[in-house]
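The values are calculated or read from the model by the stated rules, or taken from the named source; none is laboratory data. Computed from a prediction, not measured in an experiment: that's the story for all the values here. As a convention, Cβ positions derive from the backbone with ideal geometry for all residues, glycine included, and neighbour counts pool all protein chains shown. Just the protein is used for accessible areas: all its heavy atoms, side chains included, with ligands, DNA and RNA removed. Shrake-Rupley method; radii C 1.70, N 1.55, O 1.52, S 1.80 Å.
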Amino acid sequence: MYPEHTPHAPVQRAVEVHQPTPYPPAVAVPAPLAPVQPGTVPAVASIVLPDGRVVTGYAINPAQPEPVAAKPAVSRTAVNVALGGAGFLAVCGGLLLLTSFIAALTAFITQLITLAAVIFGGWIAVQILGTRGHQGGGTTVNIRKAVIKRNHFRG
């Protein structure tokens, strides 16, 4: 900052200190909710700086979030009635399926018993009425010879 070839001490200068004048903060005024035509120009804001300069510009409004649509409240009673109705329908459907299953099982068992009776009855009928009873296993009696032997008739 000081040149080395200068033999004397630096000269002191008077320093002026300027303090900025505080301005009150700008109060953000909410914009009216009335619809604005797209061709309109917003108002221009101007600020005077401490040294006298004027800065002009457009005010920037903070972005407003869109209002959330209010959801209608659902009462607990309505929810409980709906869940109870769904549970009742599920139980009724299950009982209907169980009843149908039991009826089908009963019909199946009845058919098995009937089939067993028909097969067993047919086997018994074959044993009684079959032709095997006259061959080999039973006694064959020739009536003529018996009568003849009984009367001792020889001829």
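Quick test of your reading of the structure: LEU83 fulfils all but one of (1) part of a helix (DSSP H, G or I); (2) surrounded by fewer than 10 Cβ atoms within 10 Å (Cβ to Cβ). Name the failing condition by number.
Here LEU83 clears every test but (2).
Please count how many residues of the stretch 47-72 are open to solvent by 80 Å² or more (accessible area, probe 1.4 Å), among the hydrophobic types (A, V, I, L, M, F, W, C) and modelled with pLDDT of 80 or more.
Qualifying residue count for the region: 2.
How many residues, within the stretch 116-139, are at pLDDT 60 or above and part of a loop (DSSP other than H, G, I, E, B)?
Within the stretch 116-139, residues that are at pLDDT 60 or above and part of a loop (DSSP other than H, G, I, E, B) number 1.
Among the residues that make up the stretch 28-46, is at least one of them among the β-branched types (Val, Ile, Thr), over 50 Å from the mean Cα position of the chain (by Cα) and at pLDDT 75 or above?
Within the stretch 28-46 (the criterion being among the β-branched types (Val, Ile, Thr), over 50 Å from the mean Cα position of the chain (by Cα) and at pLDDT 75 or above), the answer is no, since none of the residues qualifies.
Output the number of the condition that GLY94 fails; it satisfies all remaining conditions of (1) touching a strand residue (DSSP E or B) at 6+ places or on another chain (Cβ under 7 Å); (2) open to solvent by less than 70 Å² (accessible area, probe 1.4 Å).
(1)
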